[in-house]
Amino acid sequence: MEFLLALLFGVLLSAAIYLLMARSLARSILGLLLLGNAANIAIIASGRVLGWAPPLVAPGANALVADASNPLPQALVLTAIVISFGLTAYVMVLSWAVWRGKGTVDTEALRVAEPRGLPAADPRDAAEAETLAADLLPTRTGAR
Amino acid sequence: MATRADWLLALPLLLPLLACAATAALQSHRDLQRGITAITAVGLLLASAALVAEVISQGVIASQMGDWPAPFGITLVADLFAASMVAITALMYAATALYARGDADVLDNEALWHPLLAALALGVGGAFLAGDLFNLYVWFEVMLIASFGLIVLGGGREQLDGAVKYAMLNLLATTVFLISVGMMFGLTGTLNLADMARRIPEIENQGAVAAVAFLMLAAFGAKAAVFPLFFWLPASYHTAIAPVAAIFAALLTKVGVYALIRIVTLLLPEGHAWVAPLMWFLAAGTMVVGVLGAAAHWEIRRILSFHIISQIGYMIVGIAIATPLALAGAVLYMLHHIVVKANLFLVAGVIRRAGGTFSLATLGGLWRRDPWLGLLFAIPALSLAGIPPLSGFWAKLFVLKSGFDAGWYVLAGIALATGILTLYSMLKIWMEAFWKEVPEGTPELPPITGATRWLLLAPVAGLGLVTITIGLWTEPFAAFALAAGEQLASREAYITAVMGVIRP
């Protein structure tokens, strides 16, 4: 069973890395999702697959049954899933805002914060590169 | 019953947690939000001061949440290093909260600013006090989600652009950290750091420990913006509004450095010869790349962002050498750097307010217009470069002395050269923004007056005073750092405080 989990971890990890290297933001987000699930599989596999019975202590007993599964990794994964869900939701909204503002989610086109022509040897060239990048933008959404 | 130590460890987390909840619920009541933030800032300063005092008198203190004995429950633990970091977090919270009262960008988005700032303080404080790896991960995420909200505050396009890079690369780093947490759990069967420290030497397969530890160091290295994993920082920090950039620059990367120091001193103290050369390489690369990047730019915030990176290098020097003196140097450097770097970003915000831009080409004549601002810039700038008698001099002295004592001459030489180039960058800002005549075509802005001026300059002056105090009255700070370094290097006190002495 651990072997299968390890294999799944490897497949998820390589797919995640492949997607993360894409230029499209949408693909990168899918990559992050897969990476989060790869991490979950890693935690489950690290906790060892001990058995299949639910980890509940029966009434009257004071220990788990013999083939109970390991509850701790499940608790960890549950936390990790919730966190990963929240953060992915944020990144999706962020990329939607980028798309709405620029009409593209190609990461090569996201050069506003790091405009071409920087760093420059002359301060005036640097200032020009900054204003050029700012001028190409649609108006800001928030008040300044 | 909750003891004194339990309260002292829980309060620095409870206060921002309550503040976050209350200010989030009271979004339409600006005055109440402001009042809550002010009370929280004072409360947090007092609580963290009490925590530091307790740790100085009692040694390492630990608290088991819900009375579940370690290593089964959640443990909060504070040694001198962690307690001082909590205290400085409180100071940063207070300084940026005060500055924000006068900052136009924050005033436009104040409803969100208060809960997000409290959440950030909560995450950072939790990461400093966490006694187990999984909670460290959770606190990292709390900090991260708050910082995601803060970095886009103001809603500029440039900010969205920076936030994409910040979010993607930081999420990647935390997920890598989570994978390493899972694997470390698989190897040791525990998540509690102190328990893990005792079990790691018993593991037969030390190669696997090294591989997982390397993965963990890579994740923390990315968080700490260490060469070659620093790309997200200069791509995003300069887009945030001034108080956000200040608190990011002060705290976020330092949480990464804190985790690096904790992992290396606690989990990898002996038997892993690869750590020191790796840290040597990281320290040298981080210092050099950061300072050269700063030298190449002509925009104040970009220069300061690159200087965060170069200064992280000095802290890594302390980890590389790992003698008690070197670790003391790293602790002192972090304390000094957090104050100075936040201060510089706050001053940059005032410069923009006074001169209309962050670009050095269009700034000028600020010394003639506002000499006080010039003075308040000069203090942290010279301290950053390590000019005596300011705090940066002593911090650098500690690191360099430990380097020369341990015979790491090349690394100490690189650190010295980095200091000189830092001075060059700071002089560049001084000459262009303050000393040069106003360039033609630059519109004259009205001077900052009234309450706004006080709100903006009071935290700057306060942090400047802290810098001067550490510089002129060094002895208690140096003694504190040395004690913290001893504690980090020996690690016995930490393990005993968490695990108790009964368990074999």
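The values are calculated or read from the model by the stated rules, or taken from the named source; none is laboratory data. Please read these numbers as outputs of a predicted model, since none were measured by experiment. Cβ sites come from the backbone with ideal geometry, for glycine too, and all protein chains shown count toward neighbours. The area values use the complete protein model at the heavy-atom level, side chains included, leaving out ligands, DNA and RNA. Shrake-Rupley method; radii C 1.70, N 1.55, O 1.52, S 1.80 Å.
Please quote Rg/Rh for the stretch A:2-82 to two decimal places, taking the Kirkwood radius as Rh and restricting both calculations to Cα atoms.
1.15
Ignoring everything except DSSP H segments at least 4 long, calculate the 222 nm mean residue ellipticity for the protein assembly as shown; use -39,500 (n - 2.57) per segment, divide by total residues, nearest 500. It would help to have the intermediate numbers written out before the result.
Working: 26 runs with 464 residues, N = 648.
Helix contribution divided over all residues of the protein assembly as shown: -24000 deg cm²/dmol.
I'd like the FRET efficiency for A:R23 and A:V82, computed as 1/(1 + (r/R0)^6) with the beta carbon distance as r and R0 of 25 Å, rounded to 0.05. Each step should come with its number before you reach the end.
Details: r = 30 Å, r/R0 = 1.19.
Plugging the Cβ-Cβ distance into 1/(1 + (r/R0)^6) gives 0.25.
Tilt of helix B:133-151 relative to the longest C-alpha principal axis of chain B, in degrees (0 to 90, nearest 10)?
It works out to around 10 degrees.
Share of the stretch A:2-82's accessible area from carbon and sulfur, percent, 1.4 Å? It would help to have the intermediate numbers written out before the result.
Details: 3380 of 4630 Å².
After summing per-atom areas, the C and S share lands at 73 percent.
Quick one: with all protein chains in place, what share of the accessible area of the stretch B:273-472 is carbon or sulfur, to the nearest percent (1.4 Å probe)? Provide the component values of the computation, followed by the final result.
On the way: 5160 of 6910 Å².
Exposed carbon and sulfur together represent 75 percent of the surface.
Would you mind giving the total buried accessible surface between chains B and A, with a 1.4 Å probe and ligands, DNA and RNA left out, rounded to the nearest 100 Å²?
Working: alone 18660 and 10540 Å², together 25060 Å².
Buried area between the two chains comes out at roughly 4100 Å².
Tell me which aspartates and glutamates have Cα within less than 16 Å of A:K102's Cα, excluding those fewer than 8 residues away on the same chain?
Partners found: A:E114, A:D135, B:E158, B:D161.
In degrees between 0 and 90, to the nearest 10, how far off the longest principal axis of chain A does helix A:123-135 point, with axes built from Cα atoms?
Taking the Cα atoms of chain A, the angle to A:123-135 is about 70 degrees.
Among the aspartates and glutamates, select those whose C-alpha is under 20 Å from the C-alpha of B:K401, and discard any that sit fewer than 8 residues away in the same chain.
Here the aspartates and glutamates satisfying the reach criterion relative to B:K401 are B:E475, B:E486.
Just tell me the longest site-free run in chain B, where the sites are GluC sites (Glu not before Pro) in a DSSP loop having at most 14 other beta-carbon atoms within 10 Å.
Values: sites that count: B:E204, B:E270, B:E437, B:E440, B:E444.
By the stated rule (loop sites, at most 14 other Cβ atoms within 10 Å), B:1-203.
Under 25 Å between alpha carbons, and skipping anything fewer than 8 positions from B:K396 in its own chain: which lysines qualify?
Result set, ordered by chain and number: B:K223, B:K254, B:K341, B:K428.
Using only Cα atoms, tell me the angle between helix B:30-58 and the longest principal axis of chain B; keep it within 0 to 90° and round to the nearest 10.
40 degrees
Using the Karplus equation 6.51 cos²θ - 1.76 cosθ + 1.60 (θ = phi - 60°), what ³J(HN,Hα) coupling, rounded to whole Hz, does each residue of the stretch B:100-109 give in order, writing x for Gly and Pro?
Each residue of the stretch B:100-109 in turn: 4, 4, x, 8, 4, 5, 6, 4, 6, 10 Hz.
Might you tell me the accessible area per residue for the protein assembly as shown, computed with a 1.4 Å probe and given in Å²? Write down the numbers at each step before the final one.
On the way: 25060 Å² over 648 residues.
Per-residue accessible area for the protein assembly as shown comes out at 39 Å².
Output wanted: per-residue J couplings in Hz (rounded whole) for the stretch B:367-377, from phi through Karplus 6.51 cos²θ - 1.76 cosθ + 1.60, θ = phi - 60°, x for Gly and Pro.
Karplus-based 3J(HN,Hα) across the stretch B:367-377 equals 5, 5, 7, 8, x, 4, 4, x, 5, 5, 6 Hz.
Loop sites only, by DSSP: take the chymotrypsin sites (Phe, Trp or Tyr not before Pro) in chain B that have at most 11 other C-beta atoms within 10 Å and name the longest stretch containing none of them.
On the way: sites that count: B:W274, B:W473.
Segment B:1-273 is the longest.
How high is the relative contact order of chain B? Use alpha-carbon pairs under 8 Å, at least six apart in sequence, and give a whole percent. Show your work: numbers first, answer last.
Working: 854 pairs, mean separation 83.2, N = 504.
Here the relative contact order equals 17 percent.
In vacuo Debye scattering of chain A, one point per C-alpha: log10 I(q)/I(0) at q = 0.10, 0.16, 0.17, 0.18 Å⁻¹?
Treating every Cα as an identical point scatterer, log10 I(q)/I(0) equals -0.58, -0.95, -1.01, -1.06.
Apply the Karplus parameterisation 6.51 cos²θ - 1.76 cosθ + 1.60, with θ equal to phi minus 60°, to every residue of the stretch B:88-93 and state each ³J(HN,Hα) to the nearest whole Hz, in sequence, with x for glycine and proline.
After applying 6.51 cos²θ - 1.76 cosθ + 1.60, I find 6, 4, 4, 4, 5, 4 Hz.
Please grab the % of Cα pairs in chain B that end up more than 38 Å from each other. Please list the in-between numbers first.
Working: 25979 of 126756 pairs.
Here the long-distance tail beyond 38 Å is 20 percent of all Cα pairs in chain B.
With the crude spin-label approximation of a point 7 Å out along Cα→Cβ, what separation in nm comes out for B:A53 versus B:A24?
Once both label points are built, they end up 3.3 nm from each other.
Please work out the FRET efficiency for the pair B:T496 and B:D67, using the Cβ-Cβ distance as r and a Förster radius of 22 Å; give the result to the nearest 0.05.
Working: r = 19 Å, r/R0 = 0.85.
According to the calculation, E is roughly 0.70.
Not counting ligands, DNA or RNA, and with a 1.4 Å probe, what is B:H272's accessible surface area in Å² rounded to the nearest 10?
Counting only protein heavy atoms, B:H272 exposes about 20 Å² to solvent.
Evaluate E = 1/(1 + (r/R0)^6) for B:L375 and B:A479, where r is the Cβ-Cβ distance and R0 equals 41 Å; express this FRET efficiency to the nearest 0.05. Don't skip to the end; give the middle numbers.
Details: r = 30 Å, r/R0 = 0.73.
For B:L375 and B:A479, the calculated efficiency is 0.85.
Scattering from the C-alpha atoms of the protein assembly as shown alone, worked out with Debye: what is log10 I(q)/I(0) at q = 0.07, 0.11 1/Å?
Each listed q maps to, in turn, -0.43, -1.10.
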